[in-house]
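First up is the structure itself, then whatever we jot down about it.
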Amino acid sequence: MAKKSVRKNEGKGRSFDSVRASGYDSDSSIRSEDPNSQRHRFRSRLRQHRGENEEAPAGMLGPNGEAEDDSDEVKKRNKRWRDSRRLIFSLGTILGILIAVYFGAVHGRDNFDLFEGISNMESFKDYLDDWKDILPQSVTSFISDVQAGQSANAALKDLTESFAVGKQLRKEYNITAKHPVVMVPGVISTGIESWGVVGDEECNSESHFRKRLWGSFYMLRTMVLDKVCWLRHLMLDPETGLDPPHFRLRAAQGFEAADFFMAGYWIWNKVIQNLGAIDYSPDEMFTAAYDWRLAYLDLEIRDRYFTKLKQQVELTYGLSGEKVCLVGHSMGSQIIFYFLKWAEAKGEFYGNGGPGWTDKYVGSFVNVAGTLLGAPKTVPALISGEMKDTIQLNALAMYGLEKFFSRKERLDLIRTWGGVPSMVPKGGNLIWGDMATSVEDSLHNNTASFGNFIRFDRFLNNSMLNQNLTMEDSIEVMLELSPEWLQKRVKDQYSFGYAKNAKEMKKNALHHSHWSNPLEVPLPHAPDLKIYCIYGVNNPTERAYAYKEQSDSDVLNMTIDYESTQPVFFTDGDGTVPLMTHAICHKWAEGVSPYNPAGSNVTIVEIQHQPDRFDIRGGAKSAEHVDILGSAELNEYILQIASGNGHKIAPRFLSNLSTWVSNIDFPM
């Protein structure tokens, strides 16, 4: 016990001897007093003067005047100082002295500055060193942490507030609105509303009319109280990929479609605010919201989405005389790339804009955390309805999720969404590695290469599999386990390989199934187009998985192996999208090539993920996949590009991605 107390007091910067000298022994209890000590004699005389019993205080005498053994008093005397009220009194006294010194030091200053200084604790900095030997270590550590955090974030403090980045850039550089801005949200970030009034016998749509069944608290309420009806509305028709009979949902429109996912959880709101701060209005910017559940061409077939987008671009160009700035986030960047190919293509349901349309109307393409080469987490989502977010739940939460919204229900819902397969990784083993090696392996010490995308700790006797799976293998298994209608839709809408030569790329450009894959079709021939790839790094991101086969299940053939020592393997990225999906930006940046025939200028900026631990959304320096939209640095880049100052943005490389890309044996 004595040794333990010594360690505790040493941690507070006080020696064992000093503790004993202050009236404490090694177990932190008060030592008994020497009856011959001067202190004891003084207290005895004081009691006699007051007429008290010298053997016991008045409060401890029995009814006949005898001394009574009061156990509460003994406990109180044996109570450690740090657990008693004297600690609170001492700290209050010290704090009062510090505030008094502070008031004297700042006498005459404006009250606002005075109280702001107190709240920031900045004024205590000069006095902390003088008091650090007296204050408990926990107090000094807390004050030091706060001061360090405030010093590091002093320049960014105001940039987390509404309109801050726009106001600062306007004040310092006098930038104003120039290029019209079109914002294209990512997957699941656009609100979806019910516009049906029929429903069926089991689920009436009328009560949900114009209510958001995705992207609102109403969504959560409906999921909990009427899950079956909610699923009936959100699922698409498996055969057609469009609205099921009697149910109709549409993407919300306007800025409200994607400014907040739900109250308090912003998505595009920071960007919209900062654009507004430099004089943008609905005449110069708009959100191109879409129903992300649909396969890309189905967006045109059902909603005429790309036709409306093309007309809006041409209209704003005609009114302003300036080329349009297209800003896409996550899957929104894929939508933009697809749109640029669609706009120039000739055919039914195509844009028929002809060669040169992009160069005439589009000035810049800003790719923010885009999924141009896909996201690996899409594959397990389509195989078993799982991903990192479900795997990391504890056992109780996982049990509750399975009971409320099982993997089978999640899988059945996701498979009807034709837009999800668009994010299946592109490039196969060329980009993502084979059984032996992957360019990403240089950063990690895994027992197997990242090329082993799906791994098995054990195989069943009658297993259809007898080895780990690469990315190409995993996509094949995903399709084999999928219903026939999903296989047909994927084949008609998407491709996941890579072109072997320029002739093949030119041929691929004629059909929409290749337009979401920049390894199979080139950029538009647009010499004046400026491309900006901006994404986060230094945030662990899921990259490979441990799976097991289900021999006793008729529902799921494969599922992530929760009993494995490591069910998920991580690489560098932004928490959702790994670095490798941005490899195409580095290939474009090499200059004129079959991938970039006109040599469009490409600027790559990697943003270090440095979240503020006191901010639930990461603060102004977060580069997380969604929270990057609130990054002060990203907002500054968007405003510079929109105002015609994009040429001032300098490339920045913080990761090894450029080296990885140079080590990939591209066919062209």
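Just so you know, all these numbers are worked out from the coordinates, no wet-lab data involved. Nothing here was measured: the structure is a model prediction, and the numbers come from that model. All Cβ positions, even for glycine, are placed from backbone atoms using ideal geometry, and neighbour counts span all protein chains on display.
Report the full-extension gain for the segment residue 163 to residue 662: residue separation times 0.36 nm, less the Cα-Cα distance, to one decimal in nm.
Net length gain for the segment: 175.6 nm.
So if we plug the beta-carbon distance of residue 228 and residue 308 into 1/(1 + (r/R0)^6) with R0 = 22 Å, what FRET efficiency do we get, rounded to 0.05?
0.05
Provide the gained length on full extension for the span residue 557 to residue 283, in nm with one decimal, where the gain is 0.36 nm per separating residue minus the Cα-Cα distance.
Roughly 93.4 nm would be gained on extension.
Using Cα-only point scatterers and the Debye equation, what is log10 of I(q)/I(0) for region 162-203 at each q in 0.16, 0.18, 0.31 Å⁻¹, rounded to two decimals?
Results for region 162-203 at q = 0.16, 0.18, 0.31 Å⁻¹ read -0.72, -0.79, -1.05.
Which order, highest average first, do 323-331, 377-385 follow once you tally other Cβ atoms within 10 Å for each residue and take the mean per peptide?
The packing order, highest mean first, is 323-331, 377-385.
Residue 609: net charge of surrounding residues, Cβ under 14 Å, Lys/Arg +1, Asp/Glu -1, itself excluded?
Once positives and negatives cancel, what remains is -4.
Where Lys and Arg each count +1 and Asp and Glu each count -1, what net charge lies around residue 180 among other residues with Cβ under 13 Å from its Cβ?
Once all neighbours under 13 Å are counted, the net charge is -3.
Assuming a ≥ b ≥ c are the square roots of the Cα gyration tensor eigenvalues, decide whether region 537-668 counts as rounded (a/c under 1.5), prolate (otherwise, with a/b larger than b/c) or oblate.
oblate
Could you check the simple spin-label distance between residue 648 and residue 94, using points 7 Å along Cα→Cβ, in nm with one decimal?
4.8 nm
Suppose the chain between residue 256 and residue 209 were pulled fully straight at 0.36 nm per residue; how much longer would it get relative to their current alpha carbon spacing?
Working it through step by step, the gained length comes to 15.2 nm.
Using a 10 Å cut-off on Cβ atoms, rank the peptides 615-621, 449-455 from the highest mean neighbour count down.
449-455, 615-621
Counting other Cβ atoms within 10 Å of each Cβ, which chymotrypsin sites (Phe, Trp or Tyr not before Pro) in region 533-598 have at most 14 and sit in a DSSP loop?
Counting only loop positions with at most 14 other Cβ atoms within 10 Å, the chymotrypsin sites (Phe, Trp or Tyr not before Pro) in region 533-598 are 562.
Any idea how far apart residue 538 and residue 444 come out in nm if each label point goes 7 Å out from Cα toward Cβ?
2.0 nm
Return the FRET efficiency for the residue pair residue 246, residue 409: r is the Cβ-Cβ distance, R0 is 30 Å, and the value is rounded to the nearest 0.05.
In this case the efficiency is close to 0.90.
Looking at the square roots a ≥ b ≥ c of the eigenvalues of the Cα gyration tensor of region 432-574, which shape do they give, rounded for a/c under 1.5, prolate if a/b is larger than b/c, or oblate?
Since a/c reaches 1.5 but b/c is at least a/b, the shape of region 432-574 is classed as oblate.
Residue 349 to residue 484: FRET efficiency via 1/(1 + (r/R0)^6), r the Cβ-Cβ distance, R0 30 Å, to the nearest 0.05?
About 0.80, to the nearest 0.05.
Just want the ordering: 437, 307, 581, from fewest to most Cβ atoms lying within 10 Å of their own Cβ.
Listed from fewest to most nearby Cβ atoms, that is 437, 307, 581.
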